[in-house]
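The structure appears right after this line, and notes come after that.
Just so it is clear, none of the values below were taken in a lab; they were calculated from the coordinates. What you are looking at is a predicted structure, and each value in this text was computed from that prediction instead of being measured. Glycine gets a Cβ as well: all are built from the backbone with ideal geometry, and neighbour counts include every protein chain shown.
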Amino acid sequence: MSTPTTTEQDHLQSRLPDPLQFFPEMAEVAGAMSKATLNGSIPHTTIGLVQLRAGQIVGSTYHTVRQTGGLRKAGETEERITAVASWQDAPYFTGAERVALELVEAVLTPNPFGERVPDELYAKASAHYDDKALWTLILAISQICFFIPVALVARPIPGKAPGKNYSR
């Protein structure tokens, strides 16, 4: 498969128009979610890594492009960004980042053998995060889960600035 040229990318269209024209309160909801997750109890980088992994799991080009761009702007290395897809054996992540990535995978991936988030995983997360940080991590996962259906169904244009990522 070839990479689309700039001209081809310019012709990409979203399936639906910007939802803010129908639901202006979504901007307030999105802002509140961002404020809650960026409260300083966990590094912004961890949030970006978790949300990138969520985008990869659900196959959302919009989210993977958006989160990768955000991580690059934050100064993340290409090795760490690339290794999110194979974080389990990658040497680039801290223990806290690893448990955060494991947690997002557990939440978004069915477990045919039991709970998605078993007590053992919760205990590992609790060893790295206090209650506020763990809630922040849960909210960061919730935030990306709120926007996953938007990206998969409405299909906003990857790489376009928010507010300009809808073509209709």
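Quick notes on this one:
- When the chain is treated as a GNM with alpha-carbon contacts under 10 Å, the residue of 123, 106, 54 showing the greatest mean-square fluctuation is 123.
- Taken along its principal axes, the alpha carbon cloud of the stretch 88-168 reaches lengths of 47, 28, 28 Å, longest axis first.
- Taking 0.36 nm per residue of separation and subtracting the current Cα-Cα distance, fully stretching the chain between residue 45 and residue 11 would add 9.0 nm.
- Taking 15 Å as the cut-off, the amide N atoms of the stretch 51-78 that come nearer than this to a point 7 Å along the Cα-to-beta-carbon line of residue 152 belong to 53-64.
- Net charge over other residues, Cβ less than 12 angstrom from the Cβ of residue 62 (K, R count +1; D, E count -1): +4
- Convex hull volume of the C-alpha atoms in the chain, normalised per residue: 141 Å³.
- Per-residue ellipticity at 222 nm from helix content only, as computed over the chain with -39500 (n - 2.57) for each DSSP H run of at least four residues, stands at -17500 deg cm²/dmol.
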